[in-house]
Every structure is written in structure tokens, then in C-alpha cells.
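Working notes, structure below.
The values are calculated or read from the model by the stated rules, or taken from the named source; none is laboratory data. In this text the structure is predicted, and so the values were computed from the model without any measurement. All Cβ positions, even for glycine, are placed from backbone atoms using ideal geometry, and neighbour counts span all protein chains on display. All accessible areas refer to the heavy atoms of the entire protein, side chains included, with ligands and DNA or RNA removed. Shrake-Rupley method; radii C 1.70, N 1.55, O 1.52, S 1.80 Å.
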Amino acid sequence: MDVTGKVTVVTGGASGIGAATCAALASRGAGAVVVSDIDADGAASVAAQLQAGGARAMAVPTDVSREADVQALVAQAEDAFGPVGLFFSNAGIIVPGGVEASDAAWTRSWAINVQSHVYVARALLSGMLTRKSGYLVFTASAAGLLTQLGSAPYAVTKHAVVALAEWLAITYGDQGIGVSCLCPQAVSTNLLSTSRREVPDGTQPDDTGPAEGGEPARAGGSAQAAVDGVLSPGQVADSVLAAIAAETFLILPHPDVAIYEQRRAADRDRWLRGMRKMQARLFGG
């Protein structure tokens, strides 16, 4: 897909990968960039920067866990600029813990990390199918292909994102709808602080490492995430735009994730033993 002239929407656009992708889309000639985030001031700041650079842009405050907000986001984007050609569903949070994590933490993780993507698909598919054109990008994580030590809610919900993206690609890929799924490891963003804002009683990890993808849920998780290096949001945005251009489903800014996924599939028991060893090494015990 060529993004030139396309109306694009990015959730989680106020910072990190989202903000970098907004900038990348504008620099590559997108027809308009709609910056969406629950952080209204942050989204407005990013949109203002894009406008100052000559791009058509607007900010739309959105709580992606609310279907009415997602529907309103799409409506405002299309009222302002025309049909949405590309939607980057990127908002997400992380909370620490396992099955003992609070119901509030599990519920908010599911709402933002999974259900928001369902709402995006519901809002867009009818129009895109009528036009036989459109592109959806979903941010999952390397944790969605592997796991996340220290955070069961993150591992579970990010696996669900990958499954949803695969299902959409299979179901609509021959009807003009492109789908990509972003699965990074460690990226230098502020996911921890934004997660604390969303679930203040359920996100108390040590802020000792990079965010997105393999974000730490405890100090040791930082090492798990960063084993293959920490990327900047701009590097990840470049990967996203390259994948859209090539219409590649799986976006792996850290290429070694593909090797790990292959090893996991080839011998699941061996992989599980290896992950237990890593867990013991990182967290102790």
C-alpha cells in the first residue's frame, strides 16, 4: 500500500511508537494524519507539530476502550478529511502479575489491548469493503508470539491481538483489506507511565527498562525485553511503514523474534524449559 494521499489514523499517537508513526506518515505524503490518544494535550501537541511542518492533521481525544469513542474518532476523521485508508490501532498498556492480578487490571488490559481493536474493525470494515480498499495495522508485541515474563495479562492479551489480526487477514485479505501486526521487543517509550495512568492500582513495576513489545513487568523483565537491543520509536515507525508498503503481515523490528517463534513451534517443551531458566535467572528463585 502506498500511503501517499491516504487519510490515516493513529491511536496512542501522543507519544512513543504512535507519535513517531504520525511523523513518518506525514513525511511520506499521507493525505491527512489524525492523532488519537486519551492524552488530549499530548495528541494536540503532536498534531500541531505536524501542521507546523505543512501536513494536514488533527487531534481527536479518544478512550479506545469505549466503542462509542472509536466510532466517533472514525466519524470525525472522515468528516474532516474523507474515508480512512489506513488505521494504526496502537494504544496499549501493561500491568504486572499473574492470575492474582486484580480484576480491574485484567479488565482494563483486555479492554485496551484487545477489545479496542475489535471496535476499530467494526467501525471501518463496512466502508473499506465497499471501497475494496483499506489497511489495518495492530500493535501486539513479541510477547504475543512468545510470552511476557512477569505479566500474564500482557502475554494473554497480546496473543489475542495476534490471533485477531490473523483472523482478519484470512477473512478479508482477498477483498482488498490489508492487515499487518506489529510485534516489537524493547522500544524506548513511556508505556509504563501511561499504563500507571490507566490502572493506577495495578501497575507498580520498577521503571527500569524500555517500553512497548517486551515491556518489563518487574526489573528482570527489562533484560528479557532488551536481549536483542532497544530500538527508538522512529526505528519502529520505519519498520511499520516498510511493512505497509510491502503489505507484510508480521512486522518484526527485532528480526530474531522470528527465530524464537520457530524454536517455540518446533519444540514447545524445550522452549518452556528455556523460558523457566530465563525467568529464574532474571527474577531469582
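Regarding Gly85, is this residue under 24 Å from Ala24 (Cα atoms) and small (Gly, Ala, Ser)? Don't jump to the end; show me each part of the working.
On the way: under 24 Å from Ala24 (Cα atoms): yes; small (Gly, Ala, Ser): yes.
Judged against the criteria, Gly85 is a match.
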Scanning the stretch 238-258 residue by residue, those surrounded by 12 or more Cβ atoms within 10 Å (Cβ to Cβ), free of Cβ contacts under 8 Å to residues at least 60 places away in the same chain and aliphatic (A, V, I, L, M) turn out to be Ala242, Ala258
If you go through the stretch 64-80 one residue at a time, do you hit one that is of a type in the set (Gly, Ala, Ser) and within 24 Å of Ala243 (Cα to Cα)? yes
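Please find, within the stretch 20-34, the residue that is most open to solvent (accessible area, probe 1.4 Å) out of those that are closer than 15 Å to Val137 by Cα and not hydroxyl-bearing (Ser, Thr, Tyr).
Start the filter on the stretch 20-34 by keeping residues that are closer than 15 Å to Val137 by Cα, which leaves 20-22, 24-25, 33-34.
Applying the additional criterion that residues be not hydroxyl-bearing (Ser, Thr, Tyr) yields 20, 22, 24-25, 33-34.
Numbers: Ala20: 23, Cys22: 0, Ala24: 8, Leu25: 2, Val33: 1, Val34: 0 Å².
Result: Ala20.
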Would you call Trp110 assigned to a helix (DSSP H, G or I), hydrophobic (A, V, I, L, M, F, W, C), open to solvent by 10 Å² or more (accessible area, probe 1.4 Å) and within 26 Å of Ala265 (Cα to Cα)? yes
Suppose we keep only residues that are in a helix (DSSP H, G or I) and of a type in the set (Val, Ile, Thr) within the stretch 57-107. Which one would you say is surrounded by the most Cβ atoms within 10 Å (Cβ to Cβ)? Val70
